[in-house]
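Participant: Take this structure first; my questions come after.
The values are calculated or read from the model by the stated rules, or taken from the named source; none is laboratory data. Predicted model, so just to flag it, every value in this text is computed and none were measured. Don't worry about glycine lacking a Cβ; one is built from the backbone with ideal geometry, like all the others, and counts go over all protein chains shown.
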Amino acid sequence: MNAEVSARARLAALLVFSAAMGWLEGVVVVYIRGLVGIGRDQGMPAAAEVMRRFSSLPWFLPTEQTREAATIAMLAAVGWLAARRWRARAGAFLICFGVWDITYYVALHSLLRWPPSLTAMDLLFLIPPHPWWYQPVWVPIAISCGFIALGLALFSRPDGARSRRP
């Protein structure tokens, strides 16, 4: 098996893993929404309201934060395993993150018909809890598209390649 086929196979595995993980994350968030009383047909409440609901279960916020940290650790570990050099590993992580995040929103839309549009507001992360993380869905989608593009460039660049200046 030559290096090019191997890189394609690793990229395919990254895509499958990331999409499956994104779908799983969407399913988990469906359960979380039910746990905190956000109905199937409801939009995302304002960040302050979400945090109020979380505070009704004192164990919930730290538990959710560990889930978020574990998600990032899993994406980073797969990125590390996918390549030998730091540049390609960083690229693999960015690809995984982008595909995971976009698939997450596809899963939510498929399962809940939410978000109804890319302008719908979402609470993106809880590490650390901050109103800055409350953004329209198009923001993480755009960032994820950029991550995938940059990740592909880093991942597909030959390990020993150096950029040439004219």
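Participant: Scan (1) of a type in the set (Gly, Ala, Ser); (2) farther than 22 Å from Leu35 by Cβ; (3) in contact with a Pro (Cβ under 7 Å, 6 or more places away or on another chain) for the single condition Ala120 breaks and write down its number.
Facilitator: (2)
Participant: Being of a type in the set (Ser, Thr, Tyr) and closer than 24 Å to Tyr31 by Cβ is the filter here; which residues of the range 74-131 pass it? Quick ask: steps written out before the conclusion?
Facilitator: Initial filter on the range 74-131 (of a type in the set (Ser, Thr, Tyr)): 103-105, 110, 117, 119.
Of everything in the range 74-131, those that are of a type in the set (Ser, Thr, Tyr) and closer than 24 Å to Tyr31 by Cβ turn out to be Thr103, Tyr104, Tyr105, Ser110, Ser117.
Participant: Looking at (1) exposed (fewer than 15 other Cβ atoms within 10 Å of the Cβ); (2) more than 16 Å from the chain's Cα centre (by Cα); (3) over 30 Å from Ala9 (Cβ atoms), can you tell me which one Met44 breaks?
Facilitator: The number of the failed condition is (1).
Participant: For the range 77-119, give me each residue that is surrounded by fewer than 16 Cβ atoms within 10 Å (Cβ to Cβ) and assigned to a loop (DSSP other than H, G, I, E, B).
Facilitator: Correct list: Arg84, Arg85, Arg113, Pro116, Ser117, Leu118, Thr119.
Participant: Please enumerate the residues belonging to the range 19-55 that are among the small types (Gly, Ala, Ser) and more than 19 Å from Val106 (Cβ to Cβ). Full working, then the answer.
Facilitator: The first filter runs over the range 19-55 and keeps only residues among the small types (Gly, Ala, Ser), leaving 19-20, 22, 26, 34, 37, 39, 43, 46-48, 55.
Of everything in the range 19-55, those that are among the small types (Gly, Ala, Ser) and more than 19 Å from Val106 (Cβ to Cβ) turn out to be Gly34, Gly37, Gly39, Ala46, Ala47, Ala48, Ser55.
Participant: Just name the residue that is surrounded by the fewest Cβ atoms within 10 Å (Cβ to Cβ) out of those in the range 52-68 that are within 14 Å of Arg33 (Cα to Cα) and under 21 Å from the mean Cα position of the chain (by Cα).
Facilitator: Per the criteria, the residue is Leu61.
Participant: Taking only the range 120-152 into account, find how many residues are part of a loop (DSSP other than H, G, I, E, B) and touching a residue at least 40 places away in the same chain (Cβ under 8 Å). Walk me through it before giving the result.
Facilitator: Taking the range 120-152 as the starting set, the residues that turn out to be part of a loop (DSSP other than H, G, I, E, B) are 120, 124-130, 137.
Now drop any that are not touching a residue at least 40 places away in the same chain (Cβ under 8 Å), which leaves 120, 125-127, 129.
Qualifying residue count for the region: 5.
Participant: Pairs please, first residue from the range 38-55 and part of a helix (DSSP H, G or I), second anywhere and exposed (fewer than 13 other Cβ atoms within 10 Å of the Cβ) and modelled with pLDDT of 80 or more, Cβ atoms under 8 Å, 6+ apart in sequence or on different chains.
Facilitator: Listed by first residue and then by second, the contacts come to Arg53/Gly37.
Participant: If you check Arg8, Arg67, which single one turns out to be over 26 Å from Pro129 (Cβ atoms), assigned to a helix (DSSP H, G or I) and of a type outside the set (S, T, N, Q)? Step through it out loud before you land on a result.
Facilitator: Details: Arg67 fails: over 26 Å from Pro129 (Cβ atoms).
Selected residue: Arg8, the only one of Arg8, Arg67 that is over 26 Å from Pro129 (Cβ atoms), assigned to a helix (DSSP H, G or I) and of a type outside the set (S, T, N, Q).
Participant: If Phe125 satisfies all but one of (1) under 17 Å from the mean Cα position of the chain (by Cα); (2) surrounded by 12 or more Cβ atoms within 10 Å (Cβ to Cβ); (3) modelled with pLDDT of 95 or more, what's the number of the condition it fails?
Facilitator: Of (1) under 17 Å from the mean Cα position of the chain (by Cα); (2) surrounded by 12 or more Cβ atoms within 10 Å (Cβ to Cβ); (3) modelled with pLDDT of 95 or more, only one is false for Phe125: (3).
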